[in-house]
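Q: Quick one: the structure is below, and I'll ask about it shortly.
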Amino acid sequence: MVDQPDIGRMSPLIGRLRSKVFHREETIRMVMLGSTGVGKTALIIRCLTDQFFNHYVPGKEMAYRHSMTIGPKKLLIDIMDSNGKNNALISYADAVALVYSVTDIESFNFVKILIEKVRTLNLNDIPIIVIANKIDKKRQVSKSDAEQLSRDYDVTVFERSAAIPTTDISSVFKEVYKMLQLKKKTRRDSDPLNPADRMELKTIQRKSSSLDANDFIKLIL
Ligand SMILES: Nc1nc2c(ncn2[C@@H]2O[C@H](COP(=O)(O)OP(=O)(O)OP(=O)(O)O)[C@@H](O)[C@H]2O)c(=O)[nH]1
Ligand SMILES: [Mg+2]
């Protein structure tokens, strides 16, 4: 945290200026890709509602806005939830999260293909992070496989489970933000021809309402 004098109390105008300078919002557009059923949507629902949605609603593409604070910075993260097939979204993302399930070796191998694809397609060298999901279940992909992937492809792998209540997704976003800062990457402007801009955006803020995962899924359907 930055220690700032409370000048907002002295003058409302200075207070507003201060909040503009110190609490500037930044938006990151992140796309989630990975094989069907690996838990992309469940991870997003966990992040937004702190709950596990234990049902499968296949193939729905949506974008969600998650807000979080990192130090003095307010971050808006537009998460594009792909149906696992729409790789076209890669071209419009500031960062890519590739998800595999530790229960499914094929999904692990598919992540390797996706890494290569992203790196070939994207001229801006966008940050890639990998999420190994479903670690609450019996594994086909070990932790050392994840470490090997991390070394071979120079990516950070987060082992998580959307089903575990204490699962921390914020740290994944923090890492993405750190990578973007290092690359000094700025978000590209909104473009009406951009399919990502045309995706329906649900503005749901974490813990800001009594939103339940079951209510949430009604928004998706
Ligand atoms: N046990 C367990 N089940 C999970 C976990 N994450 C997701 N699931 C379940 O796995 C199934 C598929 O999850 P989804 O989040 O819909 O998968 P997806 O990647 O969004 O699938 P597509 O949208 O079809 O690409 C659902 O029944 C989820 O409840 C997890 O960490 N642990
Ligand atoms: Mg999904």
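The values are calculated or read from the model by the stated rules, or taken from the named source; none is laboratory data. Just so you know, these numbers come straight off a predicted model, no measurement behind them. Don't worry about glycine lacking a Cβ; one is built from the backbone with ideal geometry, like all the others, and counts go over all protein chains shown.
Q: Do any residues in the range 32-46 that are within 14 Å of THR103 (Cβ to Cβ) have Cβ atoms under 8 Å from those of residues that are among the charged types (D, E, K, R) and part of a loop (DSSP other than H, G, I, E, B), where the two are at least six apart or on different chains, and which pairs are they?
A: These pairs meet every condition: SER35/ASP104; THR36/LYS85; GLY37/ASP104; VAL38/ASP104; VAL38/LYS134; GLY39/LYS134.
Q: Provide a single number: the residues in the range 57-79 that are within 17 Å of ARG29 (Cβ to Cβ) and more than 11 Å from ligand 2 (Cβ to nearest atom).
A: 14
Q: Testing ARG16 on (1) at pLDDT 90 or above; (2) more than 16 Å from ligand 2 (Cβ to nearest atom); (3) among the charged types (D, E, K, R), one condition comes back false. Which one is that?
A: Failed condition: (1).
Q: Right, next: Mind checking which residues of the range 75-90 are within 16 Å of ligand 1 (Cβ to nearest atom) and part of a strand (DSSP E or B)?
A: Selection gives ILE79, MET80, ASP81.
Q: Next question, about the same structure. Just wondering, is there one or more residues in the range 91-109 that are surrounded by 13 or more Cβ atoms within 10 Å (Cβ to Cβ), assigned to a helix (DSSP H, G or I) and within 15 Å of the chain's Cα centre (by Cα)?
A: Yes: one or more hits.
Q: Same structure, new question: Just one of ASN54, ASN83 is of a type outside the set (Gly, Ala, Ser), within 15 Å of ligand 2 (Cβ to nearest atom) and in contact with a Gly (Cβ under 9 Å, 6 or more places away or on another chain); which is it?
A: ASN83
Q: In the range 41-74, which residue that is crowded, with 19+ Cβ neighbours inside 10 Å and part of a strand (DSSP E or B) is farthest from ligand 1 (Cβ to nearest atom)?
A: Looking at residues that are crowded, with 19+ Cβ neighbours inside 10 Å and part of a strand (DSSP E or B), I get HIS66.
Q: What pairs come up if the first residue lies in the range 51-62 and is free of Cβ contacts under 8 Å to residues at least 60 places away in the same chain, the second is near ligand 1 (Cβ under 7 Å from one of its atoms) and in a loop (DSSP other than H, G, I, E, B), and their beta carbons are under 7 Å apart, counting only those six or more places apart or on different chains?
A: Sorted first by the residue in the range 51-62, then by its partner, the pairs are TYR56/GLY37; PRO58/THR36; GLY59/ASN83.
Q: Only one of these is surrounded by 14 or more Cβ atoms within 10 Å (Cβ to Cβ) and either among the acidic types (Asp, Glu) or without any contact (Cβ under 8 Å) to a residue 60 or more places away in the chain (or both): GLN140, GLN181, GLN148. Name it. Don't jump to the end; show me each part of the working.
A: Values: GLN181 fails: surrounded by 14 or more Cβ atoms within 10 Å (Cβ to Cβ); GLN148 fails: surrounded by 14 or more Cβ atoms within 10 Å (Cβ to Cβ).
Being surrounded by 14 or more Cβ atoms within 10 Å (Cβ to Cβ) and either among the acidic types (Asp, Glu) or without any contact (Cβ under 8 Å) to a residue 60 or more places away in the chain (or both) holds for just one of GLN140, GLN181, GLN148, which is GLN140.
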